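Chemist: Attaching a single structure in structure tokens format; questions to follow.
None of the figures in this text is laboratory data; all of them are computed from the coordinates on show. Please read these numbers as outputs of a predicted model, since none were measured by experiment. All Cβ positions, even for glycine, are placed from backbone atoms using ideal geometry, and neighbour counts span all protein chains on display.
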Amino acid sequence: MRRPLALLLAFVMAALDPALRAGPYVGRAFAAGPADEAAEVAGPNAKPETVEAVRQLLANKVIKGKGDPLVSYITDTDGTLTTIGRVIVNYSRQDPKERLRDFQPTFDAMREAGPATPKMLKAATEAQNDLQGRFKDVFQMFEGGQGRPAAAGDAGFLQSALLSVSFDGAAKAREQTKYIQLETDDAFVFMDEKGVAVRMAKNWACRNNGWAANADPRVFNKPQFEAFKQGQIANGTWKEWVCGEQGGVTVFSRDVQKSQQQMNRAPGKPACAPKVPETGRYNYEMLQ
């Protein structure tokens, strides 16, 4: 009679504890599955959404397991998702296998480079903010702003662009390369052993001596500055102004150009998709 009683107790316990439902003789030690592995990989402080994201990335072979350096780009020390992690989750909501496969070379490169640092994660966030600022109207349109409907699939191509610049920003923050700075008539150029890394347009900021200390200066590019200067000289008021050179917009970035090249060569890119101009400067084609 002991055997039926033991079976009865096992079934009662299984009904009360979902962790035991794998079978009447299966306890917690044998109930470990993907969810438990995800929790272990995500870390002891991981929030539920973080564990779920890690579980999906494990299932899609993006994360290789505990100790994978790529995890440090996705989960933060406080148990939440990093900005990179949130973009990956949004980007892979639809067709995760296909979308994540497009970024596999980038995932592999970041993994081989080693764990992320706080400086790198901060740079990734700043890169995202910069892209969203430059193309604010486009992002608002696909997020349902300005009275327009949101795009289906959470605007996957926007998330793809955000993911690209995130990894670019993180990679740039990792590099400790010392650049040689050169100055031309209209630009500041930063070079290393590979050639030109960044080219920034040169601007001129001018303030009138009579302005309040917190007043914003007038900013000109080279042709505008020359015209302004000549006009002030002609009026006899040039001595009232103080002008200085400063860096302006980035007109070329080797990292951005590399991202554009990767987008054009992505295995999953539709044949009808237009080619992204490989100019090294953010453009609307990157978001199409």
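Chemist: Using the Cα atoms of the range 205-275 to build a convex hull, what is its mean projected area in square nanometres?
Modeler: Its Cα hull, projected and averaged over all orientations, spans 8.0 nm².
Chemist: Holding the Cα-Cα limit at 25 Å, pick out from LYS178/LYS269; LYS172/LYS202; LYS66/LYS194; LYS64/LYS136 the pairs that are longer than that.
Modeler: LYS178/LYS269; LYS66/LYS194; LYS64/LYS136
Chemist: Using R₀ = 25 Å, calculate the FRET efficiency as 1/(1 + (r/R₀)^6) where r is the Cβ-Cβ separation of ASP137 and ASN214; round to 0.05.
Modeler: With R0 = 25 Å, the Cβ-Cβ based efficiency is 0.25.
Chemist: On to the next question. Rounded to the nearest 0.05, what FRET efficiency is calculated for VAL196 and GLN230 with R0 set to 35 Å and r the Cβ-Cβ distance?
Modeler: Rounded to the nearest 0.05, the efficiency is 0.65.
Chemist: Okay, next question. Under a point spin-label approximation (7 Å from Cα along Cα-to-Cβ), what is the GLN104-ASN129 distance to one decimal in nm?
Modeler: Distance between label points: 3.5 nm.
Chemist: At 0.36 nm per residue, and after removing the present C-alpha to C-alpha distance, how many nm does the segment from GLU49 to LYS119 gain when stretched out fully?
Modeler: That pair, GLU49 and LYS119, stretches by 22.8 nm at full extension.
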